[in-house]
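Just so it is clear, none of the values below were taken in a lab; they were calculated from the coordinates. Since the structure is predicted, the reported quantities are computational estimates derived from the model, not experimental observations. All Cβ positions, even for glycine, are placed from backbone atoms using ideal geometry, and neighbour counts span all protein chains on display.
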Amino acid sequence: MLIDSHCHLNYPGLVERQADVIAAARDAGVRAMLCISTRESEWADVISIAETQGDIWASVGVHPHEADGHSGLTLERLIAATAHPRVIGIGETGLDYFYDKSDRAQQQVSFRLHIAAARETGLPLIVHMRDAEADCTAILREEMAKGTFSGVIHCFTSTAEFAADAMALGFYISLSGIVTFKNARDLQQVARDLPLDRLLVETDAPFLAPVPHRGKGCEPAFVADTARFVADLRGESIDQLQTATGANFFRLFAKAQC
């Protein structure tokens, strides 16, 4: 049940050798992958990958870096894209105040639009958050008051307080290869304390390769290294962690079981 809950198989570094990357992931024990889109122009590509691979699914959404370039995106268009049987999530969306590649107000508008789509479709939200804890929490709480939705904070690198706030709203927390880095002591402490029934693992490939691959291009097979590290960190067996995170993935992304 080892699953890479967040990767970008259509990105440079992976797309040129996509068949080999997928085969290597399977050889490493990865049983499913979720291929994430970051802009509307990618939706067809990630869906095409998922259409040809029974163990790969897709998401549709617009990354906060791309919010300025998608100011014309409509709720109707986003919802229509989720109707495809291989699309099981909405995102990645969210807020990134570290790079500020899009206007913050426009990021928030885009984030709320994706939340509305998640509420309307029942599909989970895939949230990117960096240096925007207060606004992200406030928006999630405000929108949850309008009607419930589910989701995951992907590539989690934030505080225990933000994790607690997100989980109080029903969200899952996904750990990437960053948790294996030597300078990630604070994140490792948070990872130790996360409830096992709210935990996912991911690569964010082709980014953020875990130790012992740090500095190289990342690929879905490397989620096995992150999973082993997290299991050791938490004092759990690798089988226990894989079984739990796999079950969590299919509980959150329930459409993948249809």
Along the charge dipole of the chain, Cβ charges K/R +1 and D/E -1, which of M1, Q18, G217 sits furthest on the positive end? M1
Residue of D20, D131, D204 that the Gaussian network model of the chain assigns the largest fluctuation, springs spanning Cα pairs under 10 Å: D20
In nm, spacing of pseudo-spin labels at D193 and T159 (7 Å Cα→C-beta vector): 1.2 nm
Within 13 Å, Cβ to Cβ, of I238, how many net charges do the neighbouring residues add up to if Lys/Arg are +1 and Asp/Glu are -1? -2
Name the residue, out of E16, E92, E143, whose mean-square fluctuation peaks in a Gaussian network model built on the chain with Cα pairs under 10 Å. E16
Cα centre as origin, Lys/Arg/Asp/Glu Cβ charges: the chain dipole, Debye: 340 debye
Please compute the length gained on full extension between M167 and S71, using 0.36 nm multiplied by the number of residues separating them and subtracting their Cα-Cα distance. 31.6 nm
A correct Karplus calculation of ³J(HN,Hα) over region 202-207, with 6.51 cos²θ - 1.76 cosθ + 1.60, θ = phi - 60°, whole Hz and x for Gly and Pro, returns 7, 10, 6, 3, x, 9
At the level of C-alpha centres, the distance separating region 37-55 and region 97-152, in angstrom, is 22 Å
For every other residue with a beta carbon closer than 9 angstrom to the beta carbon of A132, add +1 if it is Lys or Arg and -1 if Asp or Glu, then tell me the sum. -2
Counting every Cα pair in the chain, what percent are over 26 Å apart? 33 percent
Spatial extent of region 145-189: Rg and Dmax, with the Cα atoms as the point set, Å: 12.0, 41
Apply 1/(1 + (r/R0)^6) to the Cβ-Cβ distance of E51 and R185, taking R0 = 41 Å, and write down the FRET efficiency to the nearest 0.05. 0.45
A221: net charge of surrounding residues, Cβ under 14 Å, Lys/Arg +1, Asp/Glu -1, itself excluded? -3
Can you give me the orientation-averaged projected area of the convex hull built on the Cα atoms of region 1-124, in nm²? 7.8 nm²
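Give me the percent relative contact order of region 2-257, please, defined on Cα pairs under 8 angstrom at least 6 residues apart.
Across region 2-257, relative contact order equals 20 percent.
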